[in-house]
Amino acid sequence: MSGAGASASPYGFVVARGRGGRGYRPEQVEAVAAEVSRERDDAWERAARLTVLHKEMEAEAERLREVVARLAPQTYDTLGKRAQYLLELVEEEAAAVRHAARAEAQAAADAAGPRRARSASPPRRTPTSCAPRPTSGPAAGRTRRGPRPTRSGSRRAAT
């Protein structure tokens, strides 16, 4: 479809000259518009199906939560002697690990306690991005340069 007076647009439409001046071939534009419309309709249909599926899955999850809540607590009476021994050993070890972690956390809190007692309140730091700017002197009117923290914790260049 290349002619002397026709060229292609970035979207693949052929630019043609006719009685009204420059324009695109209507059949090409209508074909692309119809395809975009089909894609939109397919997306809406898929979104509707997914919404229904989501609601069904939420209902099933709630039903399963209720089933689990009504179950009796798990007992391991049917395990063999060795398996029961291993289970008991693992439960004792887990309890020991929890106890050691609590003791370590308490020791860390106790170690931090005296430091807190020395000063009633920690010194306040003003973030550099919030610090007041000098109103007189050589730095008056200048903006800060360099990275400054953002809310998400990442750093960006100052503008």
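Odds and ends about this structure:
- Residue among 17, 25, 46 that alone is at pLDDT 95 or above and surrounded by 10 or more Cβ atoms within 10 Å (Cβ to Cβ): 46
- The listed residue being of a type in the set (A, V, I, L, M, F, W, C), within 30 Å of residue 13 (Cβ to Cβ) and surrounded by 10 or more Cβ atoms within 10 Å (Cβ to Cβ), out of 33, 59: 33
- The lone criterion from (1) exposed (fewer than 10 other Cβ atoms within 10 Å of the Cβ); (2) assigned to a loop (DSSP other than H, G, I, E, B) left unmet by residue 69 is number (2).
The values are calculated or read from the model by the stated rules, or taken from the named source; none is laboratory data. Please read all numbers here as calculations on a predicted model, not as lab measurements. Neighbour counts are summed over all protein chains in view; Cβ atoms, including those assigned to glycine, are modelled from backbone coordinates with ideal geometry.
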